[in-house]
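Structure first, then comments.
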Amino acid sequence: MKSSLLILAYLVAVLLPLIVSWLVGGPPRPLHQELASGLGILAFSIILVEFILSGRFKRVSNGIGMDVTMRFHQVMARTALLFALLHPFLYGGTPAGGQRPWDPTRQLTLTTDLVYLSSGIAAFVLLPSVVLFAVFRKQLDWKYESWRLLHGLGVVLIALLLLHHTVYAGRYGSQPIMTWVWLILTGLAVASLFYVYLMMPFIKKANAWRVSSVVQLSPRQWELTVAPDKGAGLDYSAGQFAWINVGQSPFSLHENPFSISSAPASGEKVSFIIKELGDFTRTVGQIKPGTVAYLDGAYGSLSVDGRNEPGVAMIAGGVGIAPLLGILRQMRLSGDPRAVKVIYGNRSIEQIVHRDELDAEDVRYVLSEPPENWDGETGLVTPALLDNVFSDKEIKQWVFVICGPVKMMDIVEDHLISRGAPSSHILTERFDYD
């Protein structure tokens, strides 16, 4: 139901400018001219709604899942880019000044003066740059914080350029009603960004946390635990994640998303399992207890709370065990009677974390580089292993919680669906997007 309402809200927000433009109308034009205007209107409205699909609004991302939110954000950004690129070429007239061949009396267009078209031209150039920069940011080897800042500034500039272009150079945007529609929608979009980068830091500043402990679990994995310095703790469900900022100003862009490995029932302290991969994660071991921290969360829908499947299957690869540990701990603390099976893959035996807890469960460890005396599973998490661990009845009836490398999750998910598992019974969380 929540997903349906969100889809309806998205369609209303995107189509509203197009519908109002049609209602205010004007003399009819050739079909390709109306199509050009329609694509331009849709491109602008999609771009404005993209601000809300940033993943930082819980009512959206927690309602349909972070995976769906971010993937949809990417797909619609590319759709808007396609519409925007096609938009000017469908008019078929002179690029600026003079009469249009299809409109010699200038009754069907507002202007062709370059001074008013320039903002649209600038947006036409900037939009592909922002999208391509997002797609290839990893290959460009930019720091995430630098890319995030430029991405935010870029989309705000695009929105303002398109607002000017639509109102002053658009046939429909010049209508008083449409001018107000675009002003309100643009204002809401930009305000959402100010909320994320200004209002939320103010809220976090009033609810600071302190690092309670930093424990090394394996040669490259740490468990960071924080406790509320003042105010309330974190309202979260087992399996969710939070953005955490350690030792920086609450207004800093130096924050990272990590899955929560603790259970809500264990108290106010919140724990994260962090693997050394990037600039921040390589310094986790140097963090001192008492260091100030700020949390933004909780996000994600990787939770089995309120579900009625008879069993819970947990499949993890590497540090993907973190949210699954949180779910397992919560189930044990709350006396959850559902059956549990765990598959936990790693490269080496040293990477297995919290084995004392996991050994008490029905667990299969999988190592791609096992030691000589290893008597467990070897290689990777494969369809054959899934068939060996789970019966047909379990695959069709249990809920599967999967977190780990993207390739592993894709293989597992595809095989489970091919074996008859309902897609609604498969929960995944990805932090890696192209």
Ile349 and Ala265 label points (each 7 Å along its Cα→Cβ direction) are spaced in nm at 3.3 nm
Could you give the size of the charge dipole of the chain about its Cα centre, using +1 on the Cβ of each K and R and -1 on the Cβ of each D and E, expressed in debye and rounded to the nearest 20? 1300 debye
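Just order 198-208, 217-227, 389-399 by mean Cβ neighbour count inside 10 Å, highest at the front, would you?
In decreasing order of mean packing, 198-208, 217-227, 389-399 become 217-227, 389-399, 198-208.
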Describe numerically, in nm with one decimal, the distance between label points set 7 Å from Cα along Cα→Cβ at Thr283 and at Ile177. 5.5 nm
Starting from the Cα gyration tensor of region 259-391, take the square roots of the eigenvalues, sort them a ≥ b ≥ c, and report rounded, prolate or oblate (rounded when a/c is under 1.5, otherwise prolate if a/b is larger than b/c, else oblate). oblate
Using helices alone, what [θ] at 222 nm do you get for the chain, with -39,500 (n - 2.57) per DSSP H run of 4 or more residues, divided over all residues and rounded to the nearest 500? -14000 deg cm²/dmol
Under the 0.36 nm per residue contour assumption, what length would be gained going from the current alpha-carbon distance of Ala384 and Lys143 to full extension? 82.8 nm
How far, in degrees from 0 to 90, does helix 66-86 lean away from the longest principal axis of the Cα atoms of the chain, to the nearest 10? 20 degrees
What distance in nm separates the simple spin-label points at Ser129 and Val156, each placed 7 Å from Cα in the Cβ direction? 1.7 nm
Tell me the angle of helix 114-135 to the major Cα principal axis of the chain, expressed in degrees between 0 and 90 and rounded to the nearest ten. 20 degrees
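What pairs in Lys138/Lys393; Lys204/Lys396; Lys58/Lys143; Lys58/Lys205; Lys58/Lys230 have C-alpha atoms more than 31 Å from each other?
Working: Lys138/Lys393 42 Å; Lys204/Lys396 43 Å; Lys58/Lys143 25 Å; Lys58/Lys205 19 Å; Lys58/Lys230 23 Å.
Flagged as over cut-off: Lys138/Lys393; Lys204/Lys396.
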Crossing angle, helix 31-50 versus the chain [Cα axis fit, 0-90 degrees, rounded to tens]: 40 degrees
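Given a cut-off of 11 Å, what percent of all Cα-Cα pairs of region 320-362 lie beyond it? Intermediate values should be presented prior to the final figure.
Working: 627 of 903 pairs.
Of all Cα-Cα distances in region 320-362, 69 percent exceed 11 Å.
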Can you give the FRET efficiency to the nearest 0.05 for Lys230 and Asn373, using r as the Cβ-Cβ distance and R₀ = 45 Å? 0.35
Looking at Leu183, Leu126, Phe51, which one has the Cα that reaches farthest to the positive end of the dipole of the chain (charges on Cβ: Lys, Arg +1; Asp, Glu -1)? Leu183
List the relative contact order of region 1-98 as a percent without decimals, with contacts defined as Cα pairs under 8 Å and 6+ residues apart. 36 percent
With both partners inside the chain, how many of the DSSP beta bridges are antiparallel, as a percent to the nearest 5? 55 percent
Could you tell me the relative contact order of region 156-245? Use alpha-carbon pairs under 8 Å, at least six residues apart, and round to a whole percent. 16 percent
Using the Karplus equation 6.51 cos²θ - 1.76 cosθ + 1.60 (θ = phi - 60°), what ³J(HN,Hα) coupling, rounded to whole Hz, does each residue of region 315-326 give in order, writing x for Gly and Pro? 10, 10, x, x, 5, x, 5, 4, x, 5, 4, x
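Under 8 Å for C-alpha pairs, at least 6 residues apart: give me the relative contact order for the chain, rounded to a whole percent.
Working: 703 pairs, mean separation 54.7, N = 434.
Contact order relative to length: 13 percent.
A short reminder: the numbers here are calculations on the coordinates, not readings from a lab. For clarity, every value in this text was computed on a predicted model and none was experimentally measured. In this analysis, Cβ positions are derived from the backbone assuming ideal geometry, glycine residues included, and neighbour counts consider all displayed protein chains.
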